[in-house]
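Here is the structure we will look at.
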Amino acid sequence: MQRVFITGSEEQTAALAAQFAGLARKGDVFALYGTLGMGKSVFARAFIQTLTSAEEVPSPTFTLVQGYQAPAFEISHFDLYRLKSPDEVFELGFEEAVYGGVSLIEWPEKAGSWLPRDIFKIEITPEGNGRKITVSVTTADKQARLEQIK
């Protein structure tokens, strides 16, 4: 199943991310696809701030992963842009994060075949002056949750 959302500003993208945060469950992976400047970090920041008391949510461009404690699970925010090989994800605690908490992954294509199949695939592309956010899921559970997003 796939749904398309159009956002006209960073604030609208953040509001959409907050809705997804409200549906997140332990074991969920939100894979954020898009070129530089598309709003992946805006989405991740709003998602994390919705569920935690974090005021600052820097992009983990240099640390590669940043962790946050939400009431029901840990959130791992990955930025895999600088990985040279998919196998490097294991040095970041990737496996524990994707199965034991909630993961937001920027540049998920860099994880190669290590990226789980049952994910929220979120593709952000330009649309006029805003963004087209295409969300794809493969299971009935995720489809039911995706249908709750307005």
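The values are calculated or read from the model by the stated rules, or taken from the named source; none is laboratory data. Everything numeric here is computed off the predicted structure, so don't read it as measured data. Positions of Cβ are generated from backbone atoms using ideal geometry, with glycine treated the same way; all protein chains shown enter the neighbour counts.
Structure notes:
- Residue within the range 17-24 that is under 13 Å from the mean Cα position of the chain (by Cα), assigned to a loop (DSSP other than H, G, I, E, B), crowded, with 18+ Cβ neighbours inside 10 Å and at positive phi present: no
- Number of the exception - T139 against (1) at pLDDT 95 or above; (2) within 16 Å of the chain's Cα centre (by Cα): (2)
- Of the residues making up the range 93-133, those that are surrounded by 17 or more Cβ atoms within 10 Å (Cβ to Cβ), out of contact with any helix residue (DSSP H, G or I) (no Cβ under 8 Å at 6 or more places or on another chain) and over 23 Å from V65 (Cα atoms) number 0.
- For first residues located in the range 1-28 and free of Cβ contacts under 8 Å to residues at least 60 places away in the same chain, partners that are outside any helix (DSSP H, G or I) and small (G, A, S) and lie 6+ apart or on another chain with Cβ distances below 8 Å form the pairs E10/G39.
- Summed over the range 90-112, residues that are in a helix (DSSP H, G or I) and at pLDDT 95 or above total 5.
- Matching residues in the range 117-132 - criterion: being under 24 Å from K84 (Cβ atoms) and over 13 Å from the mean Cα position of the chain (by Cα): R117
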